[in-house]
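Worksheet: one structure, shown below.
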Amino acid sequence: MPEIDPTEHEIADLGPKIKDIEDADELREMLALEEDGEDRTPVKTLIESRIEKLEGEDDEETDPATADLSAMTVADIANMVRDVDDADVLRDILERERDGNDRSSAISQIESRIESIEGSDEDGGEVEVEYVPPEEKYPELDHPTNEKQWVEGTVGGDYRDMWVYCETQAGELVDVSKEMLGKARGLMDQYNADYDEDERVVAVLIGADASDHVEDVTAYGADLVVYYEDSRLERFRHTSYTEIFCDMARAGGELASEGHEAVDWKEYHEPRYTIFPATNNGRDLSALVQGALDSGLASDCSGLYIENAMISNPAKVGTAGDKKEFGRVLHMKRPDFSGFEYSTILCIDKPNRDFHPQGASVIPGSFDVPDPDYEREAEVVDYEMELDDAWFEVDVTEFDRLSGGVDLTGNEVVVAVGRGIGDDPTTGIELALDLVDAFDDADLGLSRGVITSSYAFDSHVEQYVTEERQIGESGQVVEPAVYIAAGISGAIQHKVGCDESDTIIAINTDPEADIADFSDYVIEGDLFEVLPRLTEAVERGELAAAVEASDD
């Protein structure tokens, strides 16, 4: 029996544990457990990759000149070519890849290495990267993006302002919209001071009651409010909302596309920055808008800041071996897909091509909701455009609207449970609810592992196991006075959701679990035994004493 049973862990927990295992046979036993249990493809891939790495360490070094590329992954090719210093050998590899699997990502890795090599002449001179339009470089391929109505390949366009899409639900401005406006206000105030500019926070409202929220978005930080109101927009629709936002973004400016008249509220080409909420609708809209505007998107971000960036990538600077400082870059911080650390995403222009707006979607709860200032004033634009009837061919004839919902962000205490309830899921939820009831202001949260599990719950607790209670990167972000995490390993995605809590109390059978790294107190023990004791302590008013004595 292996030391680690993968079925008891989320994939984000397994990464750091598996990379320390040096026994391929133990990994095979883990793989068998996973196949007989949860049978999750990402977990099996993770284990298999570690096995391949261990067993490949004793293999003879691959000869790039004779390597069988068809049997290699893109990662294998990238690792191989980074040690090749002969451009002719690289060109041979490139030709064989094109004649074989023809994987664009592998080709990009090889081409980047060639550019890097040829940018390091004996003379140390710079080698300019020649620009060849895609349709000329690859005439045999279709390029549907070149047929997009609004792909302009703009260079040196005029971009200004930070645009914030302000989502509303059931007639209310959602909290994440307020958070983004407050963050945008701070970013642009600092931006204007750093770069001696006078750029604005632009709030965008779209919906059947858009005008009702103009005063609120102004109070939370907007300098300019652009809204479009139509009764047909009562509920979010992909096509109409995307078309309206993009039409606003393209309006006016000296480089405005044909068919757009000049406007007095906007003299630039497109927004410099756009930010959207990482809600269900916001995620969809952000991807659609940024794609339509032919730029990039960093999704599910939890941090934003603006500063210059020094870049050496030849594809971005135009000259191999050279460096260039890009100014006014929005740095978009988000947890890695691996769950092990954060990455900062940049959307950088390249020669012969601008990439604006620089866009991000923001995880709700990432920023503080600012205090509104209803004395503030803003320019307001009632936007006008014709809506295509074809965008509304499908009618919603009947619908149910959920009442209330679960908002964990305002509670003094949050009791969250994870996969540690797996031995008896119903009892685990019951014990957590007992502790919640012992507090005056508390509620129940869940880790993603509980939401995605196949646990069977009795009906009286099943109502509490809903996605809206999930805490983490793809759920709610909470900052209670006390956060109690029972049976939660502490993957980075969960850390995002609770790290700003005043006091974090972790209950775990493993004192080395990742959650211990960011908890104030760690109770080593089984949640089925610890939670009842905590409940009794709270009811007696002795929680602090119970926590301090948790080592017994």
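The values are calculated or read from the model by the stated rules, or taken from the named source; none is laboratory data. Being a predicted model, the structure only gives us computed values, none of them experimental. Positions of Cβ are backbone-derived with ideal geometry, glycine not excepted, and every protein chain shown enters the neighbour counts. What goes into the accessible areas is simple: the full protein's heavy atoms, side chains included, and nothing from ligands, DNA or RNA. Shrake-Rupley method; radii C 1.70, N 1.55, O 1.52, S 1.80 Å.
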Do we have any residue at all in segment 135-149 that's modelled with pLDDT of 80 or more, outside any loop (DSSP other than H, G, I, E, B) and among the β-branched types (V, I, T)?
no
Sole miss for C246 among (1) under 22 Å from V214 (Cβ atoms); (2) open to solvent by 10 Å² or more (accessible area, probe 1.4 Å) is condition (2)
If a residue has to be within 21 Å of I515 (Cβ to Cβ), at pLDDT 90 or above and in a loop (DSSP other than H, G, I, E, B) to count, how many in segment 425-464 make the cut?
2
Kindly establish whether D294 is over 12 Å from the mean Cα position of the chain (by Cα), assigned to a loop (DSSP other than H, G, I, E, B), touching a residue at least 24 places away in the same chain (Cβ under 8 Å) and surrounded by fewer than 15 Cβ atoms within 10 Å (Cβ to Cβ).
no
Could you look through segment 19-43, keep only residues that are among the aliphatic types (A, V, I, L, M) and in contact with a helix residue (DSSP H, G or I) (Cβ under 8 Å, 6 or more places away or on another chain), and pick out the one that is most open to solvent (accessible area, probe 1.4 Å)?
L33
Of the numbered conditions (1) more than 21 Å from P277 (Cβ to Cβ); (2) modelled with pLDDT of 85 or more, D400 satisfies every one except a single condition; which is it?
(2)
Is it true that some residue in segment 73-94 is touching a residue at least 24 places away in the same chain (Cβ under 8 Å), more than 28 Å from the chain's Cα centre (by Cα), open to solvent by less than 40 Å² (accessible area, probe 1.4 Å) and within 21 Å of P2 (Cβ to Cβ)?
no
Could you list all residues from segment 152-172 that are closer than 28 Å to M188 by Cα and either modelled with pLDDT under 70 or open to solvent by 70 Å² or more (accessible area, probe 1.4 Å) (or both)?
E152, G153, T154, V155, Q169, E172
Looking at (1) surrounded by 18 or more Cβ atoms within 10 Å (Cβ to Cβ); (2) at pLDDT below 90, can you tell me which one G100 breaks?
(1)
What about S231, is it free of Cβ contacts under 8 Å to residues at least 40 places away in the same chain, within 19 Å of D388 (Cα to Cα) and either open to solvent by 20 Å² or more (accessible area, probe 1.4 Å) or small (G, A, S) (or both)?
yes
Which numbered condition N313 fails, given (1) surrounded by 17 or more Cβ atoms within 10 Å (Cβ to Cβ); (2) farther than 21 Å from L187 by Cβ; (3) of a type in the set (S, T, N, Q):
(1)
Under 6 Å between Cβ atoms, at least 6 apart or on separate chains: pull out the pairs that start in segment 311-332 with a residue that is of a type in the set (F, W, Y) and end on any residue that is assigned to a strand (DSSP E or B).
F326/A309; F326/I311
Among the numbered criteria (1) part of a loop (DSSP other than H, G, I, E, B); (2) within 24 Å of the chain's Cα centre (by Cα), which single criterion is violated by C246?
(1)
Residue list for segment 340-361, filter: open to solvent by less than 40 Å² (accessible area, probe 1.4 Å) and in contact with an Asp or Glu (Cβ under 7 Å, 6 or more places away or on another chain):
S343, H356, P357, S361
If a residue has to be open to solvent by less than 30 Å² (accessible area, probe 1.4 Å), in a loop (DSSP other than H, G, I, E, B) and closer than 25 Å to A292 by Cα to count, how many in segment 362-397 make the cut?
3
Hey, among the residues in segment 206-243 that are in a loop (DSSP other than H, G, I, E, B) and among the hydrophobic types (A, V, I, L, M, F, W, C), which one's farthest from P372 (Cα to Cα)?
F236
